[in-house]
Amino acid sequence: MKAVKVLDQISGIDGAAVPKHIAIIMDGNGRWANARGLSRLEGHRQGIAALRRTLEAARTFNIRYLTVWAFSTENWRRPLTEVNGLLALFRHYIKKELVELHQNGINLQFIGRRTDLPADILSMMNHAEQVTKDNSSFYLIIAFNYGGRDDIVRSVKRIAQQVQEGVLLPEDINEELLSIQLSTASVPDPDMMIRTGGETRISNFLLWQLSYAELIFTETYWPDFNKDDLAYAIQEYQKRDRRYGALNS
């Protein structure tokens, strides 16, 4: 009860009803930079700082899972200089943050297609997951080279292979079976999704998993996102009537 009271006093958040899992589309880095006459890459650098703030705030608010979209399957279409810059920032983040994440008991996971990634990045991801696999105080899931449609297609292919091998029958296929084939099988579906930057769509992010998530859209560009913005989003979430298709009694 003490933690609940602290949240009530500091942020107006009901500590007994916080979302367990928050997903975030970290949008607006480039526009934030353009508005300041800076390079898009500088916007992405400031986005990393915003991720650190948000991770700390999420733990303060007793959130258990945070999934962030760092690089989409469509991002490869961006100019080569920006793609290389994003990959370099990703390398830097893992190298710099891994020790502290591990010391704080954070379980780090990556979701997305891995076959297209440079070998050194793939090695870093595997190492980070191995180092933090037994941590359970908080779960940070980074969607890297991720697309929701791609996630579903790869899951369906795995199921089809099992049917072809005689391990499964077509009638065995249901929602639960598909869910456990997705890249997020080890974590609960998000309760809330936040998209920064003013866009109001989910853009191929966690298409299956967001079925019953509350969607929060904010004009704030990701580099400016802070603890107050997260608190406001959680307050909005707590105002929603979550019925999952049923009626209130």
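The values are calculated or read from the model by the stated rules, or taken from the named source; none is laboratory data. The structure presented is a predicted model; accordingly, all values stated were derived computationally and were not measured. So basically every Cβ, Gly included, is an ideal-geometry build from the backbone, and we count neighbours across all protein chains shown.
Output yes when any residue across the stretch 127-142 is modelled with pLDDT under 95, in a loop (DSSP other than H, G, I, E, B) and exposed (fewer than 13 other Cβ atoms within 10 Å of the Cβ), and no when none is. Scanning the stretch 127-142 turns up no residue that is modelled with pLDDT under 95, in a loop (DSSP other than H, G, I, E, B) and exposed (fewer than 13 other Cβ atoms within 10 Å of the Cβ). I'd like the full set of residues that are surrounded by 14 or more Cβ atoms within 10 Å (Cβ to Cβ) and in a loop (DSSP other than H, G, I, E, B), limited to the stretch 90-107. Within the stretch 90-107, Asn104 is the sole residue that qualifies. Per the listing Arg91, Arg64, Arg59, Arg53, the residue uniquely more than 20 Å from Pro19 (Cβ to Cβ), modelled with pLDDT of 95 or more and not small (Gly, Ala, Ser) is Arg91. Applying the condition of being basic (Lys, Arg) and in contact with a helix residue (DSSP H, G or I) (Cβ under 7 Å, 6 or more places away or on another chain) to the stretch 44-89 and asking which residue is surrounded by the fewest Cβ atoms within 10 Å (Cβ to Cβ) yields Arg53. Considering (1) without any contact (Cβ under 8 Å) to a residue 60 or more places away in the chain; (2) crowded, with 16+ Cβ neighbours inside 10 Å, say which one Ser183 fails and leave the rest. Unmet condition: (1). Considering (1) without any contact (Cβ under 8 Å) to a residue 40 or more places away in the chain; (2) surrounded by 16 or more Cβ atoms within 10 Å (Cβ to Cβ); (3) not in a strand (DSSP E or B), the lone condition that Ile216 does not fulfil carries the number (3).
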